[in-house]
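Let me begin by presenting the structure, written as structure tokens, before commenting on it.
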Amino acid sequence: MSVAERTRPALPRVPALAVLAHYLTGYRRTWRASVFSSFLLPVLTVLGFGLGVGAYVDQGVGGVRYLDWLVPGLLASTALQVAIGEATWPVHSNVRWIKTYFAQAAAPLRVGDIVGGHLAFVLFRVLTSTVAFLVVTALFGALRSPWAMVALPVVLLLTVAVTLPTFAFSAWVPSDSYLALLFRFAVIPMTLFAGVFFPVESLPTGLRWLAWATPLWHGVDLCRAAALGVPPQWSVVGHLLYLTAWAAAGWLLARHVFRRTLVV
């Protein structure tokens, strides 16, 4: 064994952890700004929508105070927006601009390690953001049930379900202008019409089916059931299977796109 081989740092048993360590090292320089926004945005949202708009919703929603009804939906939509934010421009940059993925592929890392390590970092970002959200809303007395903690694994599954397809899209598109279109025609409509701010049943029949088809609605329904301590509108198993199907399809699609992009 040569001197270079003896001094080269060994990969961990799970190589994706080396990729995760790369992103965590970079995050050490920017975490202060993200922590500030993680606590400030929930406060402003609760004050603006929960207490401001909620003051005009006298009867609440289904007999539940509007703030209490709104918080689980905001929790799921926060997870969605953080996940999509981390899965768009950073991924596109790693492919088109700074080409970090190519450097990782040149190391003894497989495509699955690269995708899995970046996904682990996105899950870390979503987990810290949603925990901060739960802390803030608990201080406002908006969590009615201790089952609200069950929402954390739900938002992590939702994160996987939306992040992996977005990885594939961001790595595939030739220009970052397509990423703005993704927010305009997918993320914003999902946030507005997938049951976060008002019941999906208020929509016309055709739009209801579109809302039910989005992964966000399934995450919102599960989070709302956990936070309020009530059964979800749809089957728990059905929700979990639907989100898992999105995650599995996204994993296959992301690996295919990354392999075609990185493996010559």
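The values are calculated or read from the model by the stated rules, or taken from the named source; none is laboratory data. Quick caveat, the model's predicted, so the values are computed rather than measured. Positions of Cβ are backbone-derived with ideal geometry, glycine not excepted, and every protein chain shown enters the neighbour counts. We work out accessible area using only protein heavy atoms, side chains counted, and drop any ligands, DNA or RNA first. Shrake-Rupley method; radii C 1.70, N 1.55, O 1.52, S 1.80 Å.
Which FRET efficiency value, to the nearest 0.05, is calculated for V263 and W97 with the Förster distance at 22 angstrom and r the Cβ-Cβ distance?
Taking R0 as 22 Å, the efficiency between V263 and W97 is 0.65.
Which angle from 0 to 90°, rounded to the nearest 10, does the C-alpha axis of helix 236-262 make with the longest principal axis of the chain?
30 degrees
Could you calculate the FRET efficiency of V64 with A245 from 1/(1 + (r/R0)^6), where r is the beta carbon distance between them and R0 is 30 Å, rounded to 0.05?
0.50
Given the chain reduced to its alpha-carbon atoms as identical point scatterers, what log10 I(q)/I(0) does the Debye formula return at q = 0.09, 0.15 Å⁻¹?
-0.44, -1.10
Calculate how steeply helix 66-87 sits against the longest principal axis of the alpha-carbon atoms of the chain, using the helix alpha-carbon long axis, and give the answer as 0 to 90 degrees to the nearest 10.
For helix 66-87, the angle is close to 20 degrees.
I want to check the label-to-label distance for R13 and S175. Put each point 7 Å from Cα in the C-beta direction and report it in nm to one decimal.
Those two pseudo-labels are separated by 4.8 nm.
How large a share of the accessible area of the chain, in percent, is made up of carbon and sulfur atoms when the probe is 1.4 Å and the other protein chains stay in place?
C and S atoms contribute 69 percent here.
Evaluated at 25 °C with a viscosity of 0.890 mPa s, what Stokes-Einstein diffusion coefficient in µm²/s does the range 74-190 have when Rh comes from the Kirkwood expression over alpha-carbon pairs?
The estimated diffusion coefficient comes to 160 µm²/s.
If the only charges are +1 at each Lys and Arg Cβ and -1 at each Asp and Glu Cβ, what is the size of the charge dipole of the chain around the Cα centre, to the nearest 20 debye?
Computed about the Cα centre, the dipole is about 880 debye.
Given the Cα-Cα distance of L139 and A213 and 0.36 nm per residue of separation, how much length would full extension add, in nm?
Computed gain between L139 and A213 is 23.3 nm.
Along the charge dipole of the chain, Cβ charges K/R +1 and D/E -1, which of A213, F36, T137 sits furthest on the positive end?
Result: F36.
Taking the Cα centre of the range 45-139 as the origin, how large is its charge dipole in debye, to the nearest 20, when only Lys and Arg (+1) and Asp and Glu (-1) carry charge on their Cβ atoms?
Computed about the Cα centre, the dipole is about 360 debye.
Which loop-located trypsin sites (Lys or Arg not before Pro) does the range 22-114 contain, where loop means any DSSP state but H, G, I, E or B and the Cβ has at most 14 other Cβ atoms within 10 Å?
R28, R29, K99
Using +1 at the Cβ of each Lys and Arg and -1 at the Cβ of each Asp and Glu in the chain, identify which of A245, V19, G85 lies farthest towards the dipole's positive end.
Most positive-ward Cα: V19.
If you average 1/r over all unlike Cα pairs in the range 110-158 and invert the result, what Kirkwood radius do you get in angstrom?
12.1 Å
What translational diffusion coefficient, to the nearest whole µm²/s, does the range 138-228 have by Stokes-Einstein, given a Kirkwood radius computed over alpha-carbon pairs, a temperature of 37 °C and 0.692 mPa s viscosity?
Once the numbers are plugged in, D ends up at 224 µm²/s.
Compute the helix-to-body angle for 215-228: its Cα long axis versus the longest principal axis of the chain, expressed 0 to 90° and rounded to tens.
Its long axis makes an angle of about 60 degrees.
For the ranges 72-80, 147-155, 160-168, what's the packing order if you count other beta-carbon atoms within 10 Å of each residue, average per peptide, and put the highest first?
Ranking, from highest mean packing down: 72-80, 160-168, 147-155.
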